[in-house]
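**Q** For reference, the structure I am asking about is given below.
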Amino acid sequence: MSSITSQPHSATPGPHTMQCMEVWGGNRSINAGITMSGLDAWVFSRPFQSQGSAEAGGGDIHYLSSCMTGRISRMLVADVSGHGAAVDSIAITLRDLMRKYVNFLDQSKFVESLNVQFGSLARAGSFATALVATYWAPTEYLVATNAGHPRPLLYRAARGKWEFLDSSSAGEQPVAVSKTKADADGPANLPLGILEPTSYDQFSVQLREGDLVLIYTDSLVESRGADGKLLGDRGLLALLGRLDTSRPAELVGELVRTIAANQGSDEFNDDVTCLLLRRNGVAPKLGVGDLVKGMSGFVKQAIDRLRGSTKAFPWPEIRLDNIGGVLFKGLNRRWKG
């Protein structure tokens, strides 16, 4: 097992249930199902240079995390310039940042830290596009930030229709938009490591049961059909509209196979990564056992730090809904992204 990934490399592993304070993912080949509080997820990632080897790392990095109480689920999909050992090292850095902010509800500081981190790597020619998303189970709101990444796609089960999920989305529930604290009049939503500071839009949407969100890297939209034309994001949107969404566990595989058939080859010109999220009908429950498990993980990491561990420490974000909501459930309803 690689030092930068916590999941098995089997092509068809069973569903993985996220635990309190866990950070899961890496930049290796994977095809797996994951269960989080209020969400089901499926990750498919195949590095361009893997040639069937699960140990070959790619430039696409994916991570998922769950907070101490299980209410905050965070997702990161990044497309980093380069491959090999340099990206392996970056993957470790991103995992540490995910751990540092695992108990933060607002993802602004995490995104700003990502940009600063890649700013320090830019001298070596490393930058990245990324999509960061945070799901708050008590209110079913998903907040996303796009740093120069392909637009994610949202499927509304009630309408049976796919649409783009971005700051201009309207749909049945208009997407709320806010910005990070950087200069709102300056450059916005640039790839990580291009310019610091950079402001980033945060767009939030409430998910209904059965809704799907697809996050992916640009190899899909840069694929070409038999006519030689790029698929593009609108082509991807149209293609998804023809696929069966009733079996989400099979949807990503069907999507990749369809694109491969259209281009006449199973080989893509870059790493391929897809993260599919589905809002499930399971209401999150925060019991005494969950609190004890979360606190025990927090205490364990605190002890490790006192013993000299250099791992980032997951301090909780001090805010009423995040802290007070543990004891008074009504406070959880305050956050809507």
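**Q** Filtering segment 318-337 down to residues that are among the hydrophobic types (A, V, I, L, M, F, W, C) and crowded, with 18+ Cβ neighbours inside 10 Å, which residue is farthest from the chain's Cα centre (by Cα)?
**A** Once the filter is applied, the top-ranked residue is Val326.
**Q** Across segment 34-47, what is the number of residues that are small (Gly, Ala, Ser) and under 14 Å from the mean Cα position of the chain (by Cα)? Explain how you work it out, then say what you get.
**A** Narrowing segment 34-47 to residues small (Gly, Ala, Ser): 37-38, 41, 45.
Those still in the list that are under 14 Å from the mean Cα position of the chain (by Cα) too: 41, 45.
Adding up the residues that qualify gives 2.
**Q** Residues of segment 77-123 being part of a helix (DSSP H, G or I), touching a Phe, Trp or Tyr at 6+ places or on another chain (Cβ under 9 Å) and under 20 Å from Phe48 (Cβ atoms), which ones?
**A** If the condition is that a residue be part of a helix (DSSP H, G or I), touching a Phe, Trp or Tyr at 6+ places or on another chain (Cβ under 9 Å) and under 20 Å from Phe48 (Cβ atoms), then Ile90, Ala91, Leu94 are the ones that fit.
None of the figures in this text is laboratory data; all of them are computed from the coordinates on show. Quick caveat: nothing in here was measured; it's all calculated off a predicted structure. Methodologically, a virtual Cβ is constructed for each residue, glycine included, from the backbone with ideal geometry; neighbour enumeration extends over all protein chains shown.
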